[in-house]
Amino acid sequence: MAFPCDGCGQIASPEHMARRLQRLEWATRYRPVHISTLLLGAFSPREERDFLYSPGGEFHGEAALLLKALGIANAGKTADAVHAEFQRAGFFLTHVLECPLENALEDRANAASLMARRLGAAGVRIRRSLKPKRIVLISEALEPVLAAIQALELGCPLVLDRGKPYALDSSLGETAVASLRDTLSGHARD
């Protein structure tokens, strides 16, 4: 029996729910007590190696770009050591949709609608549970819901790249990495 996932709103199979719970377990292990910077993406990556908190030790896609932007080297380190360094720096990564899009081509068109429906719950989680000192939007896919995110009154500054989310998920990912690195080096890590 399929039902809507409470982490993304998509119709969820048992396998979908099992993958979501696994990602939550991995991320929770490295959540800082006090979050200095919440990195907010649109939706969780499909590939495990692209998911920052994966214990596999391979950092590709979103995970690799984030580590590069934050100046966290992973060469010669275990995944646990990289995750611990990310945690000690006060960073935490989460997504509006806590799961990958099930059908990448079809669902990309519907992603804005899915995110719009999940923003209220994401806002509550950010205000009541995560309580970051600042939020950095890291996904170009958040642009269609940017005004709605700004209207959430999240209780901390929202950091943008010239008025838009940092586009780590676009073809300009490397440019976004440099811009994000510059921005974060200009902010003191609290």
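The values are calculated or read from the model by the stated rules, or taken from the named source; none is laboratory data. Since the model is a prediction, treat every value here as computed from it, not as a measurement. Here the Cβ is made from the backbone with ideal geometry for all residues, glycine too, and neighbour counts use every protein chain on show.
A few remarks follow.
- Just one of the listed residues (ARG127, ARG118, ARG88) is farther than 19 Å from ASP169 by Cα and exposed (fewer than 15 other Cβ atoms within 10 Å of the Cβ), and it is ARG88.
- Test: residue in the stretch 31-49 that is out of contact with any strand residue (DSSP E or B) (no Cβ under 7 Å at 6 or more places or on another chain), closer than 21 Å to SER179 by Cβ and at pLDDT below 90: yes
- Screening the stretch 155-169 for residues that are over 20 Å from PRO132 (Cβ atoms) and surrounded by 14 or more Cβ atoms within 10 Å (Cβ to Cβ) and picking the one that is modelled with the lowest pLDDT gives ASP169.
- Of all residues in the stretch 13-30 being free of Cβ contacts under 8 Å to residues at least 24 places away in the same chain and among the small types (Gly, Ala, Ser), the one that is surrounded by the most Cβ atoms within 10 Å (Cβ to Cβ): SER13
- Residues in the stretch 28-58 that are of a type in the set (Phe, Trp, Tyr) and over 14 Å from LEU93 (Cα atoms): none.
- THR175 meets the conditions (1) at pLDDT 90 or above; (2) polar (S, T, N, Q); (3) surrounded by 14 or more Cβ atoms within 10 Å (Cβ to Cβ) in every case but one. The failed one is (1).
- In the stretch 117-153, the residues that are of a type in the set (D, E, K, R) and in contact with a Cys (Cβ under 6 Å, 6 or more places away or on another chain): LYS133, ARG134
- Here ARG23 meets the list (1) among the charged types (D, E, K, R); (2) in a helix (DSSP H, G or I); (3) more than 24 Å from GLY120 (Cβ to Cβ); (4) within 13 Å of the chain's Cα centre (by Cα) almost entirely, failing just condition (3).
- All positions within the stretch 67-105 that are among the basic types (Lys, Arg) and touching a residue at least 24 places away in the same chain (Cβ under 8 Å): LYS68, ARG88
- Hits in the stretch 115-148 (condition: touching a residue at least 40 places away in the same chain (Cβ under 8 Å), β-branched (Val, Ile, Thr) and out of contact with any Gly (no Cβ under 7 Å at 6 or more places or on another chain)): ILE126, ILE135, VAL136, VAL145
- Test: residue in the stretch 69-80 that is within 20 Å of LEU142 (Cα to Cα) and within 13 Å of the chain's Cα centre (by Cα): no
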